[in-house]
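Beneath this line is the structure, given in structure tokens, with notes to follow.
Nothing in this text is a laboratory measurement; each read-out follows from the coordinates by a stated rule. In this text the structure is predicted, and so the values were computed from the model without any measurement. Counting neighbours? That spans all protein chains shown, and the Cβs are built from the backbone with ideal geometry, glycine included.
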Amino acid sequence: SFAIDFALGRSAGGMHVENLALHAGNAMLLFAVVRALLRAPNLRGVVREGSAVWCAALAASLWAVHPLHVDAVAYLTQRSMLFEGFFVLAAFAALLRSHGACARTWQAVTVACTALALASKEEAAALPLLLVLAQRAFCLPTWRLVAARWRFHLALAATWSVLIACVALGPRNPTVGYATNPPVSAFE
């Protein structure tokens with residue numbers, strides 16, 4: 001995205017506006033995901049429709065203004081965090097849609113969004129597991145039904161290869177990890 005910005009001659013101010021638009025889009029996507037989670041099959045009858053909308057609006061509003069997320073707008077280099085957040089939320093939205101019509105299509109979208117989240121930022125490493133757990137918590141009443149979707153879960157696990165490839169092929173950065181000066185052990 002930075003290469004596109006530079007090619008278009010965008011200024012730093014324009015890039016901040018772009019980050020702000022991505023952040024606002026993520027907040028709207030979070031609203032949709034929370035509302036869908038509260039309407040999911042395992043919660044039917046537990047949360048009223050009106051309450052689901054208000055809870056989703058409150059969660060998205062608090063998330064949008066929380067300082068940990070606002071840094072992604074203030075610091076241009078945190079755009080990777082904005083993309084990771086978008087693809088994580090999109091993966092959850094697609095997962096929830098995969099329990100309705102066009103299940104295979106939505107499963108493919110879930111896998112693609114998971115791979116893109118892992119390509120965006122390493123912090124998404126737990127996403128394939130979280131999606132399986134969310135499926136059980138919100139959509140499927142038994143672990144047996146979760147196990148029946150093993151091909152889908154295998155495809156989700158395969159997205160870890162994207163993360164492995166990105167880390168293995170990415171540039172080495174001496175300021176990340178334990179390559180410190182003075183040297184620090186993993187235990188320390």
Degrees, to the nearest 10: 160-169 long Cα axis against longest axis of the chain: 0
Counting only Cα atoms, I'd like the Rg/Rh figure for region 20-110, Kirkwood definition for Rh. 1.03
Have a look at Leu140, Met28, Ala93 and report the one farthest towards the positive end of the charge dipole of the chain, computed about the Cα centre with Cβ charges (Lys/Arg +1, Asp/Glu -1). Leu140
Cα-centred dipole magnitude for the chain, charges only on beta-carbon of K, R (+1) and D, E (-1), debye, nearest 20: 860
Please work out the C-alpha center-to-center distance from region 85-114 to region 1-32 and express it in whole Å. 23
Need one number for region 73-115: average projected area of the convex hull over its C-alpha atoms, nm². 2.9
What percent do you get for the relative contact order of the chain when only Cα pairs under 8 Å and 6+ apart count? 19
Give me the angle, in degrees from 0 to 90, between the Cα long axis of helix 49-65 and the longest principal axis of the Cα atoms of the chain, rounded to the nearest 10. 10
Net charge dipole size for region 74-155 [Lys, Arg +1 and Asp, Glu -1 on Cβ; Debye, nearest 20]: 360
With angles folded into 0 to 90 degrees, how steeply does helix 12-39 sit against the dominant principal axis of the chain? Use alpha carbons for both and round to 10. 20
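Taking every pair of Cα atoms in the chain, average 1/r, invert it to obtain the Kirkwood radius, and report Rg/Rh to two decimals.
My calculation of the ratio gives 1.02.
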